[in-house]
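Every number here is computed from the coordinates shown, using simple stated rules; none is lab data. Bear in mind the structure is a predicted one, so any value in this text is a computation, not a measurement. Don't worry about glycine lacking a Cβ; one is built from the backbone with ideal geometry, like all the others, and counts go over all protein chains shown.
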There are 2 protein chains.
Amino acid sequence: MSRRVTLAARPVGFPQNSDFALDEVEIEAPGPGEVLVDVLWTSVDPYQRGRMNEARSYAAPLQIGDVITALGIGEVVESNDSRFSPGELVVGQLGWQEYAVARAGTLRPVPSGLDPPTLALHAVGMTGFTAYFGLLDVGRPRPGDTVVVSAAAGAVGQIVGQLAKLAGCRAVGIAGGPEKTRDLTEVYGYDSAIDYKSDDVTAALDGEHVDVYFDNCGGAISQAVYRRLNLGARIVVCGQIAQYNAERPEPTFQPGLLIVFRARMEGFLVSDYASRFDEAARRLAHWVANGDLRWREDVTDGLANAPRAFIGMLNGENRGKALVKVARSRS
Amino acid sequence: MSRRVTLAARPVGFPQNSDFALDEVEIEAPGPGEVLVDVLWTSVDPYQRGRMNEARSYAAPLQIGDVITALGIGEVVESNDSRFSPGELVVGQLGWQEYAVARAGTLRPVPSGLDPPTLALHAVGMTGFTAYFGLLDVGRPRPGDTVVVSAAAGAVGQIVGQLAKLAGCRAVGIAGGPEKTRDLTEVYGYDSAIDYKSDDVTAALDGEHVDVYFDNCGGAISQAVYRRLNLGARIVVCGQIAQYNAERPEPTFQPGLLIVFRARMEGFLVSDYASRFDEAARRLAHWVANGDLRWREDVTDGLANAPRAFIGMLNGENRGKALVKVARSRS
């Protein structure tokens with residue numbers, strides 16, 4: 001049998017535990033070209049919130065009763081595709097469940113040298129790729145630029161600051177609370193850190209001239225940053241976590257600012273860069289191996305606790321990349 | 001003597017006639033490197049509204065008593081610079097006044113073949129350059145793209161639609177009232193026209209997939225267009241005339257939209273392209289001469305009426321590029 005977490009109700013505003021259900025189904029047999037995977041770790045990411053709404057965004061919404069979409073790492077149990085063999089570790093959209101059947105083409109092998117393999121879910125995985133393409137391709141940082149990052153201690157933000165340093169920039173991170181703010185400068189190499197829970201962000205940014213704003217959060221924090229843009233600034237819109245639980249998100253930006261600062265605001269989806277994931281993985285793995293890229297995981301134990309980990313992440317309670325270890329009693 | 005229109009009071013919200021004063025001063029003598037110009041036509045443009053506020057934007061604000069900043073065309077009366085001789089027509093920041101003393105380096109000759117010479121104030125001048133660089137460099141239209149333009153019958157908008165057609169695009173214009181809307185399709189070559197005063201803009205754009213939105217207005221009209229963006233859309237923020245008279249402009253845009261559509265929103269100032277004005281002038285003059293680029297002027301007679309023309313333009317009353325013929329009684 002395979003336990004799984006499904007959507008019990010569409011969250012109205014902030015999600016609650018009762019929006020999720022835990023059930024158990026028989027393990028499916030993989031069809032032609034499919035692979036059966038024993039899921040070991042599953043990921044908790046802000047984009048999942050959008051899938052729970054009825055409205056179509058860039059991806060189709062989940063239906064009530066569907067397994068929650070999630071990236072995960074697992075071990076191949078049975079493979080009907082020549083690319084994968086039993087015992088191999090793979091990463092892909094496996095969902096919040098103990099066993100997943102996936103089309104082989106949607107899976108990637110976890111590189112054998114990757115230690116720990118969970119890096120394939122963050123620094124050398126989707127959130128690392130998001131930081132890499134968002135900062136380097138969309139933000140186009142130049143040495144000497146000031147790069148400001150919101151949700152800077154989160155899964156994406158922790159990588160963005162370090163890539164900004166590698167690119168010769170000054171990195172300023174914004175996070176909530178003293179622990180995360182300390183991590184920014186002590187672990188992730190930010191030059192300067194702002195605690196939005198205790199500091200006035202606008203005042204803390206006084207004197208900064210923001211060349212690149214890598215925005216993971218939106219809302220009031222972003223409005224403070226908009227006031228400090230430099231001429232020619234680039235605003236990379238990666239996420240808007242402050243807006244995801246609003247029943248009706250309010251406009252927060254005045255486009256006229258882009259005239260005053262001759263600035264550019266651009267959104268992107270990491271999936272559009274799929275053809276270049278290998279490039280990003282190779283470089284990120286290299287930087288992790290040589291110590292240029294540091295990271296922190298926040299692991300919750302047990303699939304049944306995935307909803308709690310997800311709600312906590314939306315509340316900013318995680319310190320590092322939020323992951324769930326899919327512990328189970330094997331029968 | 002030289003009559004001039006000065007700033008009598010900073011407008012609060014929408015400007016009024018009483019915010020302007022008409023006075024008369026002695027004609028100044030030009031200093032070394034300066035030129036005395038007899039102003040024949042002066043221009044009325046939305047950006048002038050921003051200069052009347054106290055806050056510094058991309059340019060320093062006017063002070064009370066200053067002559068209103070304006071582009072104009074005039075005849076050189078006296079020149080202390082070898083580049084200009086008496087009798088020549090020049091274009092530059094001459095202000096709302098009958099005689100202007102200007103540094104020679106800030107003036108450009110009106111090309112001798114330009115007929116009428118007032119083209120140097122619109123289609124082959126600053127508003128034409130704005131359309132040219134904004135659409136082609138910022139918007140990057142590709143053949144087959146749908147280009148939507150707000151304030152499409154205005155000085156910039158009328159050129160943008162025709163450049164979009166030259167670039168192989170479908171052009172959709174939004175303007176106010178039946179005359180301007182008719183001009184869009186009958187004079188300026190737009191494929192489709194929307195009258196925001198009588199049509200529901202969102203409904204009128206149903207079925208459109210907007211690749212480039214050239215935005216001159218902002219506000220509610222833009223919010224309707226944002227709902228119809230295509231993947232990879234480019235929003236060119238040229239002007240926000242709907243916001244210029246707001247005492248405190250409200251945010252109108254949700255940055256998260258840029259993620260959904262992988263879109264880019266970018267502002268620009270035509271002055272940043274000064275090194276390429278000759279390129280634009282040459283091409284625009286060619287297209288005007290061969291009939292590819294049509295235009296319409298809305299001329300008000302008499303310098304004293306410049307404030308009225310300006311207020312009318314902010315109200316959308318002009319049909320074509322708003323100009324003032326600086327008629328005077330010569331002594």
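Whole Å is fine, so just give me how far the alpha carbon centre of the stretch A:224-241 lies from that of the stretch B:197-220.
So the two Cα centres are separated by 25 Å.
Express in whole angstrom the spacing between the alpha-carbon centres of the stretch A:1-64 and the stretch B:44-90.
Cα centroid to Cα centroid, the span is 63 Å.
With chain A treated as a Gaussian network of Cα nodes joined by springs under 10 Å, which of A:D272, A:D298, A:D23 yields the largest mean-square fluctuation?
Among A:D272, A:D298, A:D23, the largest GNM mean-square fluctuation belongs to A:D272.
Using 7 Å Cα-to-Cβ label points, what is the B:R108/B:N305 separation (nm, one decimal)?
If labels sit at B:R108 and B:N305, their model points lie 2.8 nm apart.
GNM on chain A, C-alpha springs below 10 Å: top fluctuator among A:L303, A:L36, A:L114?
Fluctuation is largest for A:L114.
Per residue of chain A, what 222 nm ellipticity follows from adding -39500 (n - 2.57) for every DSSP H run with n ≥ 4, rounded to the nearest 500?
Calculated from helices alone, the mean residue ellipticity at 222 nm is -5500 deg cm²/dmol.
Pick from B:N53, B:N290, B:N305: which is most flexible by mean-square fluctuation in a GNM of chain B where alpha carbon atoms under 10 Å apart are linked?
Between B:N53, B:N290, B:N305, it is B:N290 that shows the largest mean-square fluctuation.
Going by the alpha-carbon gyration tensor, a ≥ b ≥ c the square roots of its eigenvalues, is the stretch B:126-271 rounded (a/c under 1.5) or, if a/c is not under 1.5, prolate (a/b greater than b/c) versus oblate? Spell out each step's value before the answer.
Numbers: a/c = 1.18, a/b = 1.09, b/c = 1.08.
Rounded.
When a/c is below 1.5 the answer is rounded, else prolate if a/b is larger than b/c, else oblate, so apply that to the stretch B:224-304 with a ≥ b ≥ c taken from the square roots of the Cα gyration tensor eigenvalues. Write out the running numbers ahead of the final one.
On the way: a/c = 2.20, a/b = 1.43, b/c = 1.54.
Here the stretch B:224-304 falls in the oblate category.
So, in Å, what gap is there between the alpha-carbon centers of the stretch A:103-163 and the stretch B:255-303?
For the stretch A:103-163 versus the stretch B:255-303, the Cα centre distance is 39 Å.
Would you work out which of B:I194, B:F261, B:A171 lies farthest towards the positive end of the dipole of the stretch B:126-271? Charges go on Cβ: Lys and Arg +1, Asp and Glu -1.
B:F261
Compute, for the stretch A:126-271, the length of the dipole vector about the Cα centre, with Cβ point charges of +1 (Lys, Arg) and -1 (Asp, Glu) only. Units Debye, rounded to 20.
Details: 13 positive and 16 negative charges, 79 e Å.
It works out to roughly 380 debye.
Round to the nearest 10 and give me the degree value, 0 to 90, for the angle of helix A:157-166's Cα axis relative to the longest principal axis of chain A.
60 degrees
Grab the other residues whose beta carbon is less than 10 angstrom from that of A:V110, score K and R as +1, D and E as -1, and report the net.
Working: positive: A:R108; negative: A:E75, A:E88.
With Lys, Arg at +1 and Asp, Glu at -1, the net is -1.
When the dipole is taken about the Cα centre of the protein assembly as shown, and only Lys, Arg (+1) and Asp, Glu (-1) are charged at their Cβ, what size is it in debye, to the nearest 20? List each step's numbers first, then the result.
Details: 66 positive and 80 negative charges, 75 e Å.
Magnitude of the dipole: close to 360 debye.
Straight-line reach only, C-alpha to C-alpha below 29 angstrom: list the lysines that B:K197 could link to, leaving out same-chain residues fewer than 8 apart.
Correct list for B:K197: B:K165, B:K180, B:K321.
Within the set of other residues whose C-beta is less than 11 Å from the C-beta of A:V237, count the net charge using Lys and Arg as +1 and Asp and Glu as -1.
Details: positive: A:R234, A:R264, B:R262, B:R264; negative: A:D215, A:E266.
Residues near A:V237 contribute +2 overall.
Strictly greater than 38 Å: what percent of every Cα pair in the protein assembly as shown meets that? Mind showing how you got there, number by number?
On the way: 96832 of 218791 pairs.
Roughly 44 percent, rounded to a whole number.
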